[in-house]
1. Scanning the stretch 30-88 for residues that are closer than 17 Å to W339 by Cα and among the small types (G, A, S), which turns out surrounded by the fewest Cβ atoms within 10 Å (Cβ to Cβ)?
2. Considering A240, A189, which residue is farther than 30 Å from T110 by Cα, touching a Leu at 6+ places or on another chain (Cβ under 9 Å) and among the hydrophobic types (A, V, I, L, M, F, W, C)?
3. Give me the pairs: first residue in the stretch 274-286 and free of Cβ contacts under 8 Å to residues at least 24 places away in the same chain, second residue part of a helix (DSSP H, G or I) and surrounded by 17 or more Cβ atoms within 10 Å (Cβ to Cβ), beta-carbon distance under 7 Å, and six or more apart or on different chains, which are they?
4. Does A223 count as away from ligand 2 (no atom under 11 Å from the Cβ), over 20 Å from Y32 (Cβ atoms) and in contact with a strand residue (DSSP E or B) (Cβ under 9 Å, 6 or more places away or on another chain)?
5. Going by what's in this entry, would H342 be described as crowded, with 24+ Cβ neighbours inside 10 Å, touching a Lys or Arg at 6+ places or on another chain (Cβ under 6 Å) and part of a helix (DSSP H, G or I)?
6. Can you list the helices (runs of 4 or more DSSP H) found entirely within the stretch 178-294 that contain at least 1 residues being more than 10 Å from ligand 1 (Cβ to nearest atom) and closer than 19 Å to F312 by Cβ?
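We did not get these values from a lab; they are worked out from the coordinates using the rules stated. Keep in mind that what you see is a predicted model, and the values were worked out from it rather than measured. Reconstructed Cβ throughout: ideal geometry from the backbone, glycine too, with neighbour counts over all protein chains shown.
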Amino acid sequence: MTKPIGGAGLRGQSAGETALCTVGKSGTGLTYRGYDIAELADKVSFEEVAYLLLKGELPNAEQLQAYRTKLKSLRGLPQALKTVLEQIPADAHPMDVMRTGCSMLGNLETEADFSEQGDRTDRLLAAFPSIICYWYRYSHDGVRIHTETDDEQIGAHFLHLLHGKAPSELHAKVMDVSLILYAEHEFNASTFTARVCASTLSDLHSCVTGAIGSLRGPLHGGANEAAMELIQDMKDEQHAVAVLKQKLANKEKIMGFGHAIYRESDPRNAIIKGWSQKLAEEFGDDRLYKVSVACESLMWEEKKLFCNADFFHASAYHYMGIPTKLFTPIFVCSRLTGWAAHVFEQRANNRIIRPSADYTGPEARPVPALGER
Ligand SMILES: CC(=O)SCCNC(=O)CCNC(=O)[C@H](O)C(C)(C)COP(=O)(O)OP(=O)(O)OC[C@H]1O[C@@H](n2cnc3c(N)ncnc32)[C@H](O)[C@@H]1OP(=O)(O)O
Ligand SMILES: O=C([O-])CC(=O)C(=O)O
């Protein structure tokens, strides 16, 4: 069951073709190039998903090893970029840091020609965790970290840079799954931003920088941070119910719930929820997990609204010691793959994206002289 067409927000209207992803085709499902998200999250790594999205098919063992080796070799940051990151204050929003980091890299390693799109994307994929962690550790801890690690996987590499030590097997696994879940989602707002930019034949860094700006908002990627702010002070299940009831009575939006396309559930939720539960057990304090479950039940009972991908990411990331303000930048590290794959697709069959508008302004009228206004 698809959502009915309602003019505002282009909801339900097709804005182009894609071979990358289906969202809610049967009311709930999510596939990347034909593979179900649950199977991908269970059987492959994020680097394999990145390869699938960017190059068209899953890699074989040799291709995967070569891809991992390439990505590992691209984790270092140029001095000019580090110098810029060191200027950004500690109280800046980390999504603004990502936006600046991407844009600065675009100045230093400009995509001169579309034939470079694959290499430029791989570079961003390898460099994004370095950018956010370099800035975070410098601005918050006063240390200039070395951004190259031996971690095979991007998720583990991110946690390693953030915490200064290699993560546990469980944390590395959850980060990997999280990156898979966030990688691609058809014509969501940030991806559409990237495609609109690509349709003018602009460069990759401009497309990605614009997409970061769209992802930043709390109605899109910023919801994982907003969900954490919602649950962090909930003492127990009863308190969670009381807080939510009050918010609903005040007609407030509850971040991490609802979706523009899915009607009954977001298939990514069950997966990250399961990992959040495992992390809670390991952490030895399941308050955040339990209040999240209470929120989920209440929202379904009261509003028939379900958790989207962001809600249980809040507790999961928190259990891994990730500061709340870094939640949405992790989404960037993952969704870059989807954005870039859409840029490639747009470029391969391009027509400038330029819809029309229904005019609601005044009728045609003469311009009054300055003294008559
Ligand atoms: C990875 C991601 O980006 S997933 C999305 C992350 N964003 C959030 O979690 C923010 C909270 N959710 C929302 O704001 C919305 O559900 C969106 C932006 C995701 C989708 O927006 P829409 O497609 O316009 O929502 P939809 O048409 O289903 O809304 C139906 C009704 O439910 C309400 N509603 C939807 N989501 C919520 C929510 N989270 N809390 C309270 N009410 C909600 C809407 O206000 C609307 O009410 P109305 O008919 O009285 O105006
Ligand atoms: O599809 C959307 O509108 C938002 C979303 O869930 C995503 O981008 O992952």
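1. Out of the qualifying residues, it is G56.
2. That would be A240, the only listed residue that is farther than 30 Å from T110 by Cα, touching a Leu at 6+ places or on another chain (Cβ under 9 Å) and among the hydrophobic types (A, V, I, L, M, F, W, C).
3. Matching pairs, first to second residue: Q277/Y289; D286/A280.
4. Considered against the rule, which asks whether it is away from ligand 2 (no atom under 11 Å from the Cβ), over 20 Å from Y32 (Cβ atoms) and in contact with a strand residue (DSSP E or B) (Cβ under 9 Å, 6 or more places away or on another chain), A223 comes out as no.
5. yes
6. Hits in the stretch 178-294: 223-231, 237-249, 267-283.
One line per residue, one yes/no per condition, for (1) farther than 25 Å from F128 by Cβ; (2) touching a His at 6+ places or on another chain (Cβ under 6 Å); (3) more than 16 Å from ligand 2 (Cβ to nearest atom); (4) in contact (Cβ under 8 Å) with a residue 40 or more places away in the chain:
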| residue | (1), (2), (3), (4) |
| --- | --- |
| V243 | yes, no, yes, no |
| Y262 | yes, no, no, yes |
| C295 | yes, no, yes, yes |
| K304 | yes, no, yes, no |
| T324 | no, no, yes, yes |
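Yes/no per residue for (1) within 24 Å of A90 (Cβ to Cβ); (2) surrounded by fewer than 21 Cβ atoms within 10 Å (Cβ to Cβ); (3) charged (D, E, K, R); (4) over 21 Å from the mean Cα position of the chain (by Cα):
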site: Y136; (1), (2), (3), (4): yes, no, no, no
site: G164; (1), (2), (3), (4): yes, yes, no, yes
site: E169; (1), (2), (3), (4): no, yes, yes, yes
site: C197; (1), (2), (3), (4): no, no, no, no
site: T200; (1), (2), (3), (4): no, yes, no, yes
site: G222; (1), (2), (3), (4): yes, yes, no, no
site: A227; (1), (2), (3), (4): yes, no, no, no
site: E237; (1), (2), (3), (4): no, yes, yes, yes
